[in-house]
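Colleague: My questions will all concern the structure given below.
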Amino acid sequence: MVGKVYIVGAGPGKVDLLTLRALEVIKKADVILYDELIGEVTELLKETKAELISVGKRRGAHKFEQEEINRMMVELARSGKIVVRLKGGDPFVFGRGGEEAEFLAKEGVNFEYIPGISSAIAVPGNAGIPITYRGYDPAVVFITGQESRERLNWGALAKLNATIVVLMGLSNIDGICRNLVENGKDPETPVAVIEKGFSREERVVVGTLRDIVDKVKKQSITAPAIIVIGKVVELREILQKYQSR
Ligand SMILES: C[S@@+](CC[C@H](N)C(=O)[O-])C[C@H]1O[C@@H](n2cnc3c(N)ncnc32)[C@H](O)[C@@H]1O
């Protein structure tokens, strides 16, 4: 008997923001391999019949190597188990879901991708920042803050009229802002940093490319956090007054 792996997005951390399909497979899973960034969804997992394995990886303190996770998925599926690989947000947005799907495919293991609401869109939106707005920038760019300077074309990014959404960027926020300004982006461009979106601890710091680094340091903002760079940040001031959350 051959099992199957479901690569599932847990959304931004609220149980009622899971998809119906995600909930369905979570309920029928034999084993759930889950990451850290799944907020209150972790509580829901405890109510299932599945064996729960936390494979969350912290920067600098890896609990499980990627290779180990890949192997576990394959072995569990081959032993006939229904395996859910649960990841924060959407598995294919900076979540290594693509790499895991590729591994499964190369090993001949069936899998299904179940999308989740990505924090890249939902965390800014929930903080009163729609990532697009007609009349403002006509594009959105998602970047990782963990990429080497060489592979990100800062010159192009600075010139593009786009909202820039940075994931995993807090520890490099200084370099990110500096690279953009050095490449010609207006230092007065609005920036927001949203810490722990959708949680009770959510905090939002708003500034510009010129002063956001100081503001973030003063407020001791910690990860996970999303950085939004662009005029859309200004909308927060009006939206947050009436936006219920
Ligand atoms: C490894 S990436 C995974 C992204 C995920 N696949 C998604 O679609 O949301 C982790 C990064 O997502 C962002 N992130 C995820 N959840 C967040 C939250 N609740 N609040 C703020 N940032 C969050 C942070 O930038 C964090 O460093």
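The values are calculated or read from the model by the stated rules, or taken from the named source; none is laboratory data. What you are looking at is a predicted structure, and each value in this text was computed from that prediction instead of being measured. Heads up, the Cβs are rebuilt from the backbone with ideal geometry, glycines too, and the neighbour counts pull from every protein chain shown.
Colleague: Inside the stretch 155-196, can you point out the residues that are part of a strand (DSSP E or B) and either free of Cβ contacts under 8 Å to residues at least 60 places away in the same chain or among the basic types (K, R) (or both)? Can you show your working first?
Modeller: Of all residues in the stretch 155-196, those part of a strand (DSSP E or B) come to 162-167, 190-195.
Once the filter is applied, which keeps residues that are part of a strand (DSSP E or B) and either free of Cβ contacts under 8 Å to residues at least 60 places away in the same chain or among the basic types (K, R) (or both), the stretch 155-196 yields P190, V191, V193, E195.
Colleague: In addition: Looking only at the stretch 120-160, count how many residues are within 13 Å of the ligand (Cβ to nearest atom) and among the charged types (D, E, K, R).
Modeller: Adding up the residues that qualify gives 1.
Colleague: Continuing with this model, one more query. Of all residues in the stretch 1-15, count the ones that are modelled with pLDDT of 95 or more and over 26 Å from K63 (Cα atoms).
Modeller: 0
Colleague: Also, quick follow-up: When you go through (1) at pLDDT 95 or above; (2) closer than 30 Å to R96 by Cβ; (3) touching a Gly at 6+ places or on another chain (Cβ under 9 Å) one by one for R149, which number turns out not to apply?
Modeller: Here R149 clears every test but (1).
Colleague: Can you pull out every residue in the stretch 187-196 that is away from the ligand (no atom under 14 Å from the Cβ) and touching an Asp or Glu at 6+ places or on another chain (Cβ under 6 Å)?
Modeller: P190, the sole residue that qualifies.
Colleague: Answer with yes or no whether L152 is part of a helix (DSSP H, G or I) and farther than 20 Å from G39 by Cα.
Modeller: no
Colleague: Run I7 past the list (1) buried (at least 23 other Cβ atoms within 10 Å of the Cβ); (2) away from the ligand (no atom under 15 Å from the Cβ) and report the number of the one that doesn't hold.
Modeller: (2)
Colleague: Counting only residues that are in contact (Cβ under 8 Å) with a residue 60 or more places away in the chain and in a strand (DSSP E or B), which one in the stretch 197-241 is nearest to the ligand (Cβ to nearest atom)?
Modeller: Step by step, filter the stretch 197-241, then rank; the result is I226.
Colleague: Here's another thing I want to ask about it. Could you identify the single residue in F103, F94 that is within 14 Å of the ligand (Cβ to nearest atom), over 16 Å from L18 (Cα atoms) and at pLDDT 95 or above?
Modeller: Of the residues listed, the single one that is within 14 Å of the ligand (Cβ to nearest atom), over 16 Å from L18 (Cα atoms) and at pLDDT 95 or above is F94.
Colleague: Taking S244 as the residue in question, decide whether it is surrounded by fewer than 20 Cβ atoms within 10 Å (Cβ to Cβ), among the small types (G, A, S) and within 16 Å of the ligand (Cβ to nearest atom).
Modeller: no
Colleague: Does at least one position in the stretch 91-110 carry a residue that is in contact with a Pro (Cβ under 6 Å, 6 or more places away or on another chain) and not in a loop (DSSP other than H, G, I, E, B)?
Modeller: Yes; the residues of the stretch 91-110 include at least one that is in contact with a Pro (Cβ under 6 Å, 6 or more places away or on another chain) and not in a loop (DSSP other than H, G, I, E, B).
Colleague: Is one or more of the residues making up the stretch 53-62 among the polar types (S, T, N, Q) and touching a Phe, Trp or Tyr at 6+ places or on another chain (Cβ under 8 Å)?
Modeller: Yes.
Colleague: For Q66, only one of the following conditions fails: (1) among the polar types (S, T, N, Q); (2) in contact (Cβ under 8 Å) with a residue 60 or more places away in the chain; (3) exposed (fewer than 15 other Cβ atoms within 10 Å of the Cβ). What is its number?
Modeller: The one condition Q66 does not meet is (2).
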